[in-house]
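K.L.:
Sending over a structure as structure tokens; questions will come in a sec.
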């Protein structure tokens, strides 16, 4: 049961009955509660601890074949009724839906390792000690800002088709920027304490290695040219999700602005690229047994050996194009207030199938190229695929070794063309997320080596 102040399950049943009296054809009630505990770091010191609960309801209705939505916070039963009446009013201006129904009862998946009791039951002392242990690891570096956040998310869905389903999960977010010879951002998310500790062990080691390299190594003099380039999982996660996260979504399919609209069955990428969306991935940051409409999540192949296979849909977009939902109906994934938006077709866990070579072997086999670990705003256009990325952490590679650091340079290209030119994909992969807030839009991503990316010096204008 979510919350303790009011009996939400029985109130939901009462609201369904009340909706019938108001002429509602179907109703869906989505209730969520997000508990967060966070400690903050400024200049290598833990400054404060905050605890918050965000709780509310989002109600969708079908009235006269139009859909309406409204949301709000919960205090008493009358709040539900007010939100319901607002949803009915909004339906007058809502989308016309033909033969659309909310989810019906179906069997939930069992998804492993997405809940940790230790996170939910942690107190201020535990969180501060957790944060302090990692501060000690970076005591010789300056951390101007950082944050550790423990979150427990619980949601419940009840509708007039007899559906009653719920889900509880946890995750930890650690974010900090380390300042020394170079600024290095660390962002890691994990579903369990043991997972995040392993991720941070690796991140801290990488951060300290890069900082040392930028102290000791010469800076490269970059000239405009096409090069072989190895991109890190963090860079690739944002590039893949910013492009395919929209261009293969039900929204882009329905609107008709996807560059891949009529290309199912065609080769759109290198045969080395197999891309999967899997809402059942153990430990996945976007994993749930059901989506936010009550549809069981599942694994689906989007691209197989370079050939486009599928788009992903929520109930609404699937209905419009006469398909079935793929279990990708998620709400407000970048906010603690899940209830505050209707569902949209959204990537859960994007997986790029890993290769057979270790990243160190891929680097050692590169005679002349670059390695990019961090860029600023690593996004590409979902419509054209074009990108321009400022390099924050990177190296030139000469005869299989890092040679010089890269500063004041950018990568320019088209991501949809780039994925046709894949040389190698690493055996290693890492869980990554596109945002320090919320959940969903996450990836299990390897390193990828590409042919022919353009690198050029950053042009700095004086005013």
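K.L.:
Consider all pairwise Cα distances in region 218-457 and report the whole-number % of them above 33 Å.
P.N.:
Working: 5311 of 28680 pairs.
Across region 218-457, Cα pairs with separations above 33 Å total 19 percent.
K.L.:
Further question: Take every Cα-Cα distance within region 8-213, group them into 5 Å bins from 0 onward, and report for each bin the whole-number percent of pairs it holds.
P.N.:
Distribution as computed: 1, 7, 13, 14, 12, 10, 9, 9, 8, 7, 6, 3, 1, 0 percent.
K.L.:
In addition: Given the Cα atoms of region 16-126, and with Rh set as the inverse mean 1/r over their pairs in the Kirkwood sense, what is Rg to Rh to two decimals?
P.N.:
On the way: Rg = 19.8 Å, Rh = 17.2 Å.
Rounded to two decimals, Rg/Rh equals 1.15.
K.L.:
What would the Debye formula give as log10 I(q)/I(0) at q = 0.11, 0.17, 0.21, 0.23 Å⁻¹ for the alpha-carbon point model of region 286-384, no solvent?
P.N.:
Listed by q, the Debye log ratios stand at -0.52, -0.96, -1.17, -1.27.
K.L.:
Next question, about the same structure. Note down the relative contact order for region 218-457 as a percent, whole number, built from C-alpha pairs under 8 angstrom at least six residues apart.
P.N.:
30
K.L.:
At R0 = 30 Å, how high is the FRET efficiency between residue 20 and residue 262 if r is their beta carbon distance? Nearest 0.05 is fine. Mind dumping the intermediate values first?
P.N.:
Details: r = 43 Å, r/R0 = 1.42.
It comes to 0.10.
K.L.:
Would you mind giving the average projected area, over all directions, of the Cα convex hull of region 176-252 in nm² with one decimal?
P.N.:
For region 176-252, the mean projected area of the Cα convex hull comes to 8.2 nm².
K.L.:
Calculate for the chain the 222 nm mean residue ellipticity that helices alone would give, adding -39,500 (n - 2.57) per DSSP H run of length 4 or more and normalising by residue count, nearest 500 deg cm²/dmol. Provide the component values of the computation, followed by the final result.
P.N.:
Values: 10 runs with 108 residues, N = 463.
Dividing the helical sum by the residues of the chain leaves -7000 deg cm²/dmol.
K.L.:
I need the peptides 371-378, 112-119 ranked by packing, meaning the mean over residues of other C-beta atoms within 10 angstrom, with the highest value on top.
P.N.:
371-378, 112-119
K.L.:
Oh, and also: With axes computed from alpha carbons, what is the tilt in degrees of helix 233-247 against the longest principal axis of the chain, rounded to the nearest 10 within 0 to 90?
P.N.:
So the helix axis and the longest Cα principal axis differ by about 40 degrees.
K.L.:
Sticking with this one: Would you please calculate the Kirkwood hydrodynamic radius of the chain over all C-alpha pairs and express it in Å, rounded to one decimal? Can you show the working numbers first?
P.N.:
Numbers: mean 1/r = 0.0423 Å⁻¹.
About 23.7 Å for the chain.
K.L.:
From the P(r) of region 298-348, can you give the percent of Cα pairs sitting at distances over 17 Å?
P.N.:
43
Rule-based calculations on the coordinates, nothing more; no lab input. Keep in mind it's a predicted model, so treat the numbers as computed, not measured. Reconstructed Cβ throughout: ideal geometry from the backbone, glycine too, with neighbour counts over all protein chains shown.
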